[in-house]
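Q: Questions regarding the structure given below will be posed in turn.
Rule-based calculations on the coordinates, nothing more; no lab input. None of these values were measured; they are calculated from a predicted model. With ideal geometry, Cβ positions are generated from the backbone for all residues, glycine too; neighbour counts draw on all protein chains shown.
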Amino acid sequence: MMWRNIAGFSKAAAAAAARTRGSRRCLSTAIPGPCIVHKRGADILHDPWFNKVVYSLHDPWFNKDTGFPLTERDRLGLRGLLPPRVISFEQQYDRFIESFRSLERNTKGQPENVVSLAKWRILNRLHDRNETLYYRVLIDNIKDFAPIIYTPTVGLVCQNYSGLYRRPRGMYFSAKDKGEMMSMIYNWPAQKVDMIVITDGSRILGLGDLGVQGIGIPIGKLDMYVAAAGINPQRVLPIMLDVGTNNEKLLQNPLYLGLRQPRLEGEEYLEIIDEFMEAVYTRWPKAVVQFEDFQAKWAFGTLERYRKKFCMFNDDVQGTAGVALAGLLGTVRAQGRPLSDFVNQKIVVVGAGSAGLGVTKTAVQAVARMAGISEIAATKNFYLIDKDGLVTTERTKLDPGAVPFAKNPAEIREGASIVEVVKTVRPHVLLGLSGVGGIFNEEVLKAMRESDSCKPAIFAMSNPTLNAECTAADAFKHAGENIVFGSGSPFENVELENGKVGHVNQANNMYLFPGIGLGTLLSGARVVTDGMLLAASECLASYMTDEEVQKGILYPSINNIRHITAEVGAAVLRAAVSEDIVEGHGDVGPKDLSHMSKEETVNYITRNMWFPIYSPLVHEK
C-alpha cells in the first residue's frame, strides 16, 4: 500500500459542516488527521495513484494542485515542481466557479446540448484533477450542478460516452468474463466498499439500450451519493455489466467500447448476474448494491431474485415509486384533504415499464395499508395504460407485473386512449412514466379540467427533458392554473395571471435513494424491506409544511438535500430497527440503534456524512 490513514476523517469534516451550515468559508477550521504517503516529488503530481486517474480508488485524496502548503512541498519534494504561490482551498474554489461562470457567458446562445456537454466537461476535468475540490464544489452548488452530472445531462453523456471517454472510472464485467468474476473483483484496490451502483445499460433513462455507454449512470448516481448522503467517495464503486447490446447504431460505431454482440437473454443472462453478485458479496458482505436502468423484465426479475438474499434495491422500481408516492400523498394534502383520503384518489398511470409498474404497485400497497384491505381490492382506482392503450383482462400476452391492474372491459374498453380514459374516469391524478415526449397533448391536458378533484395533479415524470410527457408551461396553460404539477426533469416555475406562480415539483429520485442507501448502510441491515422503503417515502411526504403544500409545493429545495437525506436515512434506519433486522455499523451495535430517539437517529446519520477537506500529508519511506 502506498498510504495509510492515521486519523478519522469523516467525523471531523461532518462536525465542521454542521457548525457552518450555509457558510462554506469557515470550513477550513476543521483539520482532518494526517495521512502517510510513500512517494515524493513528481511521482505525487503525475502518478495516477495520486492524481486520481481511476475513479475513487484511494483514501485520502492527495492532489491539491497549487494548494500544497510550503511545508508539505518540502516534506514531499515538491518545491520547484509547482508555481511558487500557494493558492488556498477557498481561492481554488472561487477560481473554478469563475471559470464555470465564464463558460456559461461564452456559450450563451449556443445549442442546449452543446452547452450541457461543455459544462459536463469542465466538471469532469476537475473531477479528474482534484476530487476534493470537485466534491466541495458539487455539494455547495448542488442545485446548479446536479442537472449536469445527473439528470438530465447524464443521458446526453451516455449517448456520447464512447467519444467522451478519457479515463476509466469504476469496473466493467462482461459476458466474456464468465468464470473469472470472483478473481476480478479483487482487482479493485479499495479494501472497503460501502455503496455500489450497477447497470447493464439496457434502458438508460428514456433513451433505450446504450450498452456499455450506460456506465455514465452509475458514475452520476454515486456522485450524488457523495454529495447528498456523504458516502465516502473512496468507498463507492460504479459497475457496468456488459452483456452485449441490441443497438445496431452502437454495434456499427467504430468508437464503441463495449462487446459487439447481441444481448444475452434467459439463463445465460442470469448466470452472469448471479456470478457478479456472489463475487461482490464475497469480498464486501456489508455493501449496499443499487440496480439502475435495467429494462423492465430484468429490473423486476433481478429485484425478486436477489432482494431477500442480498442487501440491494432497484432505484427505478422502488426509488421512483417512493418519490412518486410522496408526491401523490402531497397532492392529497394540497387538496386540503386528510392523508387517509388517498384511498379515494383515482389515478391513471401512463407507462407500464419498470418505473410505471413500480409506482403503481407501491401506491396500491399504501392504499391497502391505509384502508385495511387486500392489495387486489386496492387496485380498484388505478388505471394502467401502456403503448397499446388501457390494459384490460381482454389483453393477451400481458406482462405478469401488469396483470393485477387489468380492468374489466365492461367498465372501459380494452386499448382505450389516454384522452378517452381521462374523460371517462375523470381522475384526480394523471401520472406519466411512458418515456414518450409530449404524449400528454393539449386534448389530454384539457380533459383534466373535468377531473373530480378540485386540485388535480399532473406528473410528467419521464426523463430526460425531451421525453417528458408534457412541459410545465403546457400543463398550466391547458389543464388550468389550479393544478399540481410534477416532473422528472427540471422545468422553470410558470408565471400565471395575477402574479401567481405555477410551481414545478421535480419528482427526482435524488430525494430518496441517498437516504435509502445511507440509512440501510448505517443500520447494518442485510436486506432492504418494503417497510424501510415506505418509511422513506412517508418521511419525504411529511417534510413540507402545510402552507407550502397549499401553494402546490410538494418537494423541498435540492439545496437542502443533505438535511433531507439525513431525515430520510433516519426514517429508514428506524424502520429497520422496528423490523428487528439491524446488525449495527462500525462500533455502533444493534442495541445502540434500538435505544436512539428520533433526534438521536438523525444526529447519528449526520455525524457519519463525509465532507471534503484537504488532509495533511506526511512522507514516509
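Q: So what's the stretch 438-510 giving for Rg/Rh, alpha carbon basis, Kirkwood Rh from the mean inverse pair distance?
A: 0.94
Q: Oh, and also: How long is the gain from residue 253 to residue 370 if the chain were fully straight, where each residue apart is worth 0.36 nm and the alpha carbon distance is subtracted?
A: Net length gain for the segment: 36.9 nm.
Q: Tell me, 449, 75, 169 in order of fewest to most beta-carbon neighbours within 10 Å?
A: Least crowded to most crowded, the residues run 449, 75, 169.
Q: With each label point set 7 Å from Cα along the Cα-Cβ vector, what nm distance links residue 594 and residue 101?
A: A separation of 5.4 nm, rounded to one decimal place.
Q: Fewest Cβ neighbours within 10 Å first, please rank 503, 585 accordingly.
A: 503, 585
Q: Follow-up question, since we're still on this one. For n ≥ 4 DSSP H runs only, could you compute -39500 (n - 2.57) per run for the chain, divide by its residues and tell me the 222 nm figure to the nearest 500?
A: The helix-only estimate for the chain comes to -12000 deg cm²/dmol at 222 nm.
Q: Still on this structure, please answer the following. Multiply the residue separation of residue 274 and residue 388 by 0.36 nm, subtract the distance between their alpha-carbon atoms, and state the gained length in nm to one decimal.
A: That works out to 37.7 nm of additional length.
Q: Hey, can you grab everything whose amide H is under 5 Å from the amide H of residue 617? Only 5+ residues off in sequence or another chain; H modelled, so Pro and N-termini drop out.
A: Amide H neighbours of residue 617, under 5 Å, 5+ apart: 35.
Q: In whole Å, largest first, what are the principal axis extents of the Cα atoms in the chain?
A: 82, 59, 57
Q: Just in the stretch 192-264: which trypsin sites (Lys or Arg not before Pro) are loop by DSSP and have at most 14 other Cβ atoms within 10 Å?
A: For trypsin sites (Lys or Arg not before Pro) across the stretch 192-264 that sit outside H, G, I, E and B with at most 14 neighbouring Cβ atoms in 10 Å, the list reads 192, 260.
Q: Taking amide H positions as placed 1.01 Å from N in the peptide plane, with prolines and chain starts having none, which residues 5 or more places from residue 457, or on another chain, fall under 5 Å of its amide H?
A: Long-range HN contacts for residue 457: 429, 430, 484.
Q: Can you compute the FRET efficiency between residue 167 and residue 580 using 1/(1 + (r/R0)^6), with r the Cβ-Cβ distance and R0 = 51 Å? Round to the nearest 0.05.
A: Result of the calculation: an efficiency of 0.70.
Q: Under a straight-distance cross-link criterion of Cα-Cα below 16 Å, which lysines are reachable from residue 64, leaving out those fewer than 8 residues away in the same chain?
A: Output for residue 64: 39, 52.
Q: Apply the Karplus parameterisation 6.51 cos²θ - 1.76 cosθ + 1.60, with θ equal to phi minus 60°, to every residue of the stretch 289-298 and state each ³J(HN,Hα) to the nearest whole Hz, in sequence, with x for glycine and proline.
A: Couplings: 10, 10, 7, 9, 6, 8, 4, 3, 5, 7 Hz.
Q: Give me the percent relative contact order of the stretch 457-555, please, defined on Cα pairs under 8 angstrom at least 6 residues apart.
A: Rounded, it is 22 percent for the stretch 457-555.
Q: With label points built 7 Å along Cα→Cβ from the Cα atoms of residue 441 and residue 90, find their separation and express it in nm.
A: 5.8
Q: Which links in 249/297; 346/423; 346/455; 500/551; 192/286; 176/309 stretch past 19 Å when you go from one Cα to the other?
A: Violating the 19 Å Cα-Cα cut-off are 249/297; 176/309.
Q: Then there is this: If contacts are Cα pairs under 8 angstrom and at least 6 residues apart, what is the relative contact order of the stretch 143-245 in percent?
A: Across the stretch 143-245, relative contact order equals 38 percent.
Q: Follow-up. Per-residue HN-Hα couplings for the stretch 333-343, Karplus 6.51 cos²θ - 1.76 cosθ + 1.60 at θ = phi - 60°, whole Hz, x for Gly and Pro?
A: Calculated HN-Hα couplings, in order: 4, 5, 7, x, 9, x, 4, 4, 6, 4, 5 Hz.
Q: To the nearest 10 degrees, how steeply does helix 354-371 sit against the main Cα axis of the chain, on a 0 to 90 scale?
A: Approximately 70 degrees, to the nearest ten.
Q: May I pose another question? Net charge within 13 Å of residue 250 by Cβ-Cβ distance, Lys/Arg positive one each and Asp/Glu negative one each, not counting residue 250 itself?
A: Value of the local net charge: 0.
Q: Shifting gears a bit: May I ask you to sort 127, 595 by Cβ crowding, counting other Cβ atoms within 10 Å and putting the fewest first?
A: 595, 127
Q: Rounding to the nearest 10 and keeping the result within 0 to 90°, find how far the Cα-based axis of helix 561-578 lies from the longest principal axis of the chain.
A: It is inclined by approximately 70 degrees.
Q: Work through the residues other than residue 420 whose Cβ is under 11 Å from its Cβ and net out their charges, Lys, Arg +1 and Asp, Glu -1.
A: Neighbour charge sum, excluding residue 420 itself: +1.
Q: If you don't mind, there's one more thing I want to ask. Can you tally the net charge around residue 85? Count Lys and Arg as +1, Asp and Glu as -1, for every other residue whose Cβ sits under 14 Å from the Cβ of residue 85.
A: In short, +3.
Q: Right, next: Over the chain, what is the relative contact order in whole percent, taking alpha-carbon pairs under 8 Å and six or more residues apart?
A: 16
Q: From the phi of every residue in the stretch 155-164, what ³J(HN,Hα) in whole Hz does the Karplus formula 6.51 cos²θ - 1.76 cosθ + 1.60 yield, where θ is phi - 60° and glycine or proline is x?
A: x, 5, 4, 4, 4, 10, 4, 4, x, 7
Q: Now for a different question. How much of the DSSP bridge set in the chain is antiparallel, in percent, rounded to the nearest 5?
A: Counting only bridges with both partners in the chain, antiparallel ones make up about 15 percent.
Q: May I ask for the angle, rounded to the nearest 10°, between helix 10-19 and the longest principal axis of the chain, with both axes built from Cα atoms and the value confined to 0 to 90°?
A: The angle comes out near 70 degrees.
Q: What is the set of long-range amide H partners of residue 312 at a cut-off below 5 Å, with H atoms built 1.01 Å from backbone N?
A: For residue 312, the qualifying residues are 289, 528.
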